[in-house]
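Worksheet for the structure shown next.
The values are calculated or read from the model by the stated rules, or taken from the named source; none is laboratory data. Bear in mind the structure is a predicted one, so any value in this text is a computation, not a measurement. Don't worry about glycine lacking a Cβ; one is built from the backbone with ideal geometry, like all the others, and counts go over all protein chains shown.
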Amino acid sequence: MKKSPLLVRFGKLTEQMGIAPALADWPDTGHFHLIIDSKPPNPNRPISNRHLHLHKGQTEAIVELKQGQHTLQIVMGDYSHIPHDPPVMSKQIIVNVD
């Protein structure tokens with residue numbers, strides 16, 4: 001069991017991709033989006049603002065979660081928040097918060 005707030009740290013999802021802030025249109029880079037209690041986003045559309053955008057290129061976030069079971073997943077988006085093709089994402093994990 002974890003307590004809220006929860007510190008979530010992310011590592012590189014692939015050796016080929018670098019981390020860059022949003023709006024930095026650099027090849028082979030992107031920034032993280034933390035998907036909480038939701039399916040992965042549509043691969044052809046910008047990732048919704050209801051997900052946590054780490055637009056400064058952060059590799060960790062502190063999130064407040066209600067008590068109970070939650071799913072977390074990282075999806076990497078390009079400079080305009082569109083998921084990469086093919087998708088660059090973590091496996092979904094389950095956390096329990098008391």
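Kindly check whether there is at least one residue in the stretch 46-55 that is at pLDDT 95 or above, of a type in the set (V, I, T) and touching a strand residue (DSSP E or B) at 6+ places or on another chain (Cβ under 6 Å). Checked the stretch 46-55: no residue is at pLDDT 95 or above, of a type in the set (V, I, T) and touching a strand residue (DSSP E or B) at 6+ places or on another chain (Cβ under 6 Å). Take the residues in the stretch 29-45 that are surrounded by 12 or more Cβ atoms within 10 Å (Cβ to Cβ) and more than 20 Å from R9 (Cα to Cα); name whichever of them is modelled with the highest pLDDT. The qualifying residue modelled with the highest pLDDT is P41. Filter the stretch 25-41 for residues that are touching a strand residue (DSSP E or B) at 6+ places or on another chain (Cβ under 8 Å) and not β-branched (V, I, T) and give the result. Listed by number, the residues that qualify are W26, D28, G30, H31, F32, H33, L34, D37, S38, P40, P41. Tallying residues that are more than 10 Å from the chain's Cα centre (by Cα) and crowded, with 17+ Cβ neighbours inside 10 Å within the stretch 64-82 yields 4. Determine whether the stretch 40-62 contains at least one residue that is under 18 Å from S4 (Cβ atoms), of a type in the set (D, E, K, R) and without any contact (Cβ under 8 Å) to a residue 40 or more places away in the chain. For the stretch 40-62, residues under 18 Å from S4 (Cβ atoms), of a type in the set (D, E, K, R) and without any contact (Cβ under 8 Å) to a residue 40 or more places away in the chain: absent. Restricting the stretch 52-96 to residues that are of a type in the set (S, T, N, Q) and assigned to a loop (DSSP other than H, G, I, E, B), which is farthest from M17 (Cα to Cα)? Within the stretch 52-96, the match that is farthest from M17 (Cα to Cα) is Q67. For beta carbons closer than 9 Å, sequence separation of 6+ or different chains, a first residue in the stretch 74-98 that is touching a residue at least 24 places away in the same chain (Cβ under 8 Å) and at positive phi and a second that is among the hydroxyl-bearing types (S, T, Y) and surrounded by 11 or more Cβ atoms within 10 Å (Cβ to Cβ), the qualifying pairs are H81/S48. The residue that is nearest to Q58 (Cα to Cα), counting only those in the stretch 16-30 that are small (G, A, S) and part of a loop (DSSP other than H, G, I, E, B), is A20.
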